[in-house]
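Accompanying notes for the structure given below.
The values are calculated or read from the model by the stated rules, or taken from the named source; none is laboratory data. Keep in mind that what you see is a predicted model, and the values were worked out from it rather than measured. Here the Cβ positions follow ideal geometry from the backbone for every residue, glycine too, while neighbour counts run over all protein chains shown.
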Amino acid sequence: MLNRNHLILFFIFLAVFDFIVWQSVLAGKQNENLELYFLDVGQGDGELAILPDGVKILIDGGPNNKILSELSSVLKPTDKYIDLVVMTHPQYDHFAGLIDVLKRYQVGAFIYNGRRGEIAAFGDLEKILKDKNIPVIVLGESDKIKHQENIFNILSPSKEFLSSKELNDTTLVIELINNNFKALFTGDIGFNIENYLAEKYDIKVDVLKVGHHGSKYSSGNVFLKKTNPKISIIEVGKNSYGHPTKNALNRLANIGSQIFRTDQDGAVKLIISGKEINIFKKK
């Protein structure tokens, strides 16, 4: 397991390695803009960030291997390398698909909060990490990943939240800053973590990955007033929980945020160029 202080230098190395791979595969063609994909993985989360120089960061992988078809629709068939894979917290609908991702793709490093999952499938995840000798990095509140003009700030969990009996409280909450653009990836946080973030940070953002699939216990008024996102994306599939709930949808509508849902819109792609955000829906 790598010390978190080594992450920035390690990530720079990965970026250089990945640049060489992309140069050979794409003959020098690179992305000019930041691209964010909110993947349609069913009732779960899966987000892919492709930085302007082609570096790729996958956040969560949904509950099954549907993540593979979603990645295949974004990445070229010859592109089998992902720089960083991040697991926000060890619940099945966030990590199970990552097992298939780790089997199919070369991965530069695996990042998580240090909290082990309590179900058998988590052992399968640990086994593939060990078998493929993938570096594992533990991050928490106040850590960051920096690559060129892109900064991924870890806003939570604190040590207190990491020890919570409620796994949702242990979520790695990630703020992405790219020049004047901000996005917030919230995993499955609820009101208590939202209020903590609203009190501690300046969290006004352009794009919000809505917490806990639109649960009535997430997207609280205080939090939404502070984040005030122009765009809110709910990753959700067929479920028995009533996600997304009318409560959450109404609160998002009340702040005038443009709402997208992967169960209705399919995968949502954002291309960020300066202050301009272009939105594409799969459905």
Mind checking whether some residue in the range 213-234 is within 17 Å of the chain's Cα centre (by Cα) and among the charged types (D, E, K, R)?
-> no
Those residues that are polar (S, T, N, Q) and in contact with a Gly (Cβ under 9 Å, 6 or more places away or on another chain), I need them from the range 34-86; list them, please.
-> Q43, N64, N65
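Please specify each residue of the range 52-69 satisfying the condition of being in a loop (DSSP other than H, G, I, E, B) and out of contact with any helix residue (DSSP H, G or I) (no Cβ under 8 Å at 6 or more places or on another chain). Working first, answer last.
Of all residues in the range 52-69, those in a loop (DSSP other than H, G, I, E, B) come to 52-55, 60-65.
Result: P52, single match.
Show me the helices (runs of 4 or more DSSP H) entirely contained within the range 173-273 in which 1 or more residues are touching a Gly at 6+ places or on another chain (Cβ under 7 Å). Before the answer, list the steps.
Numbers: elements: 191-200, 221-227, 246-254, 262-265.
The qualifying helices (runs of 4 or more DSSP H) are 191-200, 246-254, 262-265.
Being among the hydroxyl-bearing types (S, T, Y), in a helix (DSSP H, G or I) and out of contact with any helix residue (DSSP H, G or I) (no Cβ under 8 Å at 6 or more places or on another chain) is the filter here; which residues of the range 70-127 pass it? So that I can check it myself, show each step before the final result.
Kept after step one, since they are among the hydroxyl-bearing types (S, T, Y), are these residues of the range 70-127: 72-73, 78, 81, 88, 92, 105, 112.
Narrowing further to those that are in a helix (DSSP H, G or I): 72-73, 92.
Of everything in the range 70-127, those that are among the hydroxyl-bearing types (S, T, Y), in a helix (DSSP H, G or I) and out of contact with any helix residue (DSSP H, G or I) (no Cβ under 8 Å at 6 or more places or on another chain) turn out to be S72, S73.
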Please enumerate the residues belonging to the range 141-172 that are touching a Ser or Thr at 6+ places or on another chain (Cβ under 7 Å), in a loop (DSSP other than H, G, I, E, B) and not acidic (D, E).
-> P157, S164, T171, L172
Could you tell me whether the range 205-224 includes any residue that is surrounded by fewer than 21 Cβ atoms within 10 Å (Cβ to Cβ), closer than 21 Å to I57 by Cα and modelled with pLDDT of 95 or more?
-> yes
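Being surrounded by fewer than 24 Cβ atoms within 10 Å (Cβ to Cβ) and at pLDDT below 95 is true for just one of K230, K275. Which residue is that?
Values: K230 fails: at pLDDT below 95.
Sole residue among the options that is surrounded by fewer than 24 Cβ atoms within 10 Å (Cβ to Cβ) and at pLDDT below 95: K275.
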Select from the range 175-206 the residues that are acidic (D, E) and within 19 Å of the chain's Cα centre (by Cα) and write down the one among them that is farthest from P244 (Cα to Cα).
-> E175
Can you tell me which residue within the range 233-248, out of those that are crowded, with 19+ Cβ neighbours inside 10 Å and either of a type in the set (K, R) or free of Cβ contacts under 8 Å to residues at least 40 places away in the same chain (or both), is nearest to H94 (Cα to Cα)?
-> I234
Could you count how many residues in the range 157-191 are over 29 Å from G274 (Cβ atoms), in contact with a helix residue (DSSP H, G or I) (Cβ under 7 Å, 6 or more places away or on another chain) and either free of Cβ contacts under 8 Å to residues at least 12 places away in the same chain or not β-branched (V, I, T) (or both)?
-> 8
